[in-house]
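K.L.:
Supplied in structure tokens, the structure appears directly below.
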Amino acid sequence: MINKRLLIKNLLAHNDECGFYDKKRQLNLHSREGKAKFLKHICALSNSNPTNNSYIVVGVEDSDNEIVGDDFFDDSRIQNLVNAFLENPPRIQYENVPFPNLPKDKVVGLVTIKPNSKVSFFKKGIHTIVANSIFKRVGSNTIPTEDKISFSKQNVETVISIENNSRNSIGYTLDGVLDFINIRHKDMYANHKVFKELFVVCWSGNQKKVREKTYLYRVDIELINEQIKLFYSAQDEVSIAFDDTSFEITEYISLGLNDKTSYYPLEKVTITFFDNGYYKIENTMLFEPPVYNKKMLHHIYNSNKSLLEKLNKNIGLNQRELKDLENLPSTLMICFLNGFENAKQRLIDAKPFLKPYPNIYLSFKEALRVLRKMKYNK
């Protein structure tokens with residue numbers, strides 16, 4: 001079992017970007033350009049490493065390897081994006097890895113690209129990349145190619161060595177549990193559960209009872225053995241259930257108009273553990289968007305457009321408008337889910353105007369996360 005935090009450290013210490021690993025300050029999957037860049041690197045690393053894992057580390061400064069972290073990214077459907085654009089797509093995995101020096105809401109992302117014996121190429125174009133494009137790695141560069149792709153046997157040996165040096169130990173696991181419960185979450189409810197005498201899951205949050213059911217908010221859940229964060233949210237509420245072989249997380253989001261807020265189940269994540277040291281994560285989308293009166297939504301949509309125009313022109317907002325601005329991310333999301341096709345793009349374009357308001361910007365990121373989940377669930 002690999003300790004992912006140790007793996008990232010060993011990748012960063014091994015060398016600069018090379019034929020089997022790349023590093024990024026952050027991923028931008030909200031734009032076609034950002035998606036194209038990500039897919040290009042996935043394609044190149046897969047083609048250049050057909051017999052060994054390759055990696056992308058997210059949340060690291062390119063110049064000096066400083067670990068600065070990035071937002072928690074829980075989109076398990078990132079594989080669907082790869083499948084949509086690449087022929088012979090590799091199997092990939094995105095994991096969120098906490099580091100001691102980072103704030104609670106920041107992690108280092110680890111993209112693992114599994115070996116793929118077939119050549120990957122773009123089956124359709126995106127941004128400036130045309131259909132049938134093939135990419136490969138030459139040193140730290142990702143370049144287009146039409147030639148036969150060769151790979152280095154040295155890469156295979158080096159990756160095996162790095163992964164072997166990143167194996168977990170009882171010491172790492174015990175230190176991780178104690179750090180999670182006694183240090184990082186000492187002022188919150190925290191618990192842990194051992195599965196199959198191999199896996200340790202820790203979780204924490206503030207408890208809240210509604211109609212005899214216990215929910216957690218400000219939730220943090222980690223698989224300690226591999227040092228990966230399974231779930232993190234400063235806003236949404238979750239319920240947790242488990243038995244001897246599985247751990248289940250059901251996430252809820254609050255949505256509403258005119259300050260009338262209701263809770264809707266968003267997604268259920270089930271982690272099943274096996275005796276052979278493997279585990280499986282399954283995601284089930286539960287969200288059914290609320291339906292509202294179109295006439296009322298037209299009024300709200302136009303009000304949001306007016307707010308954004310004022311922000312664009314640096315016109316100050318009154319108290320009522322500031323209150324409406326707090327609800328703008330969720331109301332634009334509701335409008336989009338009720339047939340207002342331009343509402344999602346307006347929300348994306350609002351990003352620079354919402355950044356100065358930390359709580360509203362957090363709601364903005366949550367709204368885009370929900371829309372991304374729904375898109376890849378189709």
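We did not get these values from a lab; they are worked out from the coordinates using the rules stated. As the structure is a computational prediction, the values presented were derived from the model and not from experiment. Note that each Cβ is placed from the backbone with ideal geometry, even for glycine, and that neighbours are counted across all protein chains shown.
K.L.:
Please report the net charge: other residues with Cβ closer than 12 Å to the Cβ of V107, K and R +1, D and E -1.
P.N.:
Working: positive: K4, R5, K104, K106, K229; negative: D70, D71, D74, E95, D105, D220, E222.
Surrounding charge for V107 is -2.
K.L.:
With the crude spin-label approximation of a point 7 Å out along Cα→Cβ, what separation in nm comes out for N293 versus D175?
P.N.:
6.1 nm
K.L.:
If you add up the charges near F195, with Lys and Arg at +1 and Asp and Glu at -1, over every other residue whose beta carbon is less than 15 angstrom from its beta carbon, what do you get?
P.N.:
On the way: positive: K193, K196, K280; negative: E197, E222, E226, D243, D244, E248, D275.
In short, -4.
K.L.:
For D105 and E309, calculate 0.36 nm times their separation in residues minus their Cα-Cα distance, and state this gained length in nm to one decimal. It would help to have the intermediate numbers written out before the result.
P.N.:
Values: separation 204, 0.36 × 204 = 73.44 nm, distance 3.08 nm.
This chain segment gains 70.4 nm when fully extended.
K.L.:
With a cut-off of 8 Å between alpha carbons and a minimum separation of six or more residues, what is the relative contact order of segment 170-285 in percent? Could the numbers behind the result be given before it?
P.N.:
Values: 220 pairs, mean separation 18.1, N = 116.
Dividing the mean separation by the residue count of segment 170-285 yields 16 percent.
K.L.:
Report Rg(Cα)/(2.2 N^0.38 Å) for segment 213-270, keeping two decimals.
P.N.:
Taking the Cα Rg and dividing by 2.2 N^0.38 Å, one obtains 1.27.
K.L.:
Reported to two decimal places, what Rg/Rh ratio describes segment 111-223 when computed on Cα atoms with Rh from the Kirkwood expression?
P.N.:
Numbers: Rg = 22.8 Å, Rh = 19.2 Å.
When Rh is taken as the Kirkwood radius, the ratio is 1.19.
K.L.:
Given points 7 Å out from each Cα along the Cα-Cβ axis, report the S246 to K123 separation in nanometres with one decimal.
P.N.:
Each label point lies 7 Å from its Cα, and together they span 3.0 nm.
K.L.:
Okay, moving on. Any chance you could get the radius of gyration and Dmax over the Cα atoms of segment 1-68, in Å?
P.N.:
According to the Cα coordinates of segment 1-68, Rg and Dmax are 12.5, 36 Å.
K.L.:
With viscosity set to 1.002 mPa s at 20 °C, what whole-number translational diffusion coefficient in µm²/s follows for segment 258-356 from Stokes-Einstein and a Kirkwood radius over Cα pairs? List each step's numbers first, then the result.
P.N.:
Values: Rh = 16.0 Å.
Calculated translational D: 134 µm²/s.
K.L.:
Give the relative contact order (percent, whole number) for segment 294-377; include only Cα pairs under 8 Å separated by 6+ residues. Let's see the in-between values first.
P.N.:
On the way: 52 pairs, mean separation 23.7, N = 84.
This gives 28 percent for segment 294-377.
K.L.:
When the C-alpha atoms of the chain are aligned to their principal axes, what extent does each axis show, in angstrom, from largest down?
P.N.:
So the extents along the principal axes, rounded to whole Å, are 63, 49, 36.
K.L.:
I need to check one value: relative contact order of the chain, counting alpha carbon pairs closer than 8 Å and at least 6 residues apart, in percent. Don't skip to the end; give the middle numbers.
P.N.:
Details: 675 pairs, mean separation 49.0, N = 378.
Relative CO of the chain lands at 13 percent.
K.L.:
Which GluC sites (Glu not before Pro) does segment 115-185 hold that lie in a coil by DSSP with at most 16 other beta carbons within 10 Å? Could the numbers behind the result be given before it?
P.N.:
Values: sites: E146, E157, E163; in loops: E146.
Here the GluC sites (Glu not before Pro) that fit, given the DSSP loop and packing criteria, are E146.
K.L.:
A further question follows. Between K365 and K193, 0.36 nm times their residue separation minus their Cα-Cα distance comes to what?
P.N.:
My answer for the length gained is 58.9 nm.
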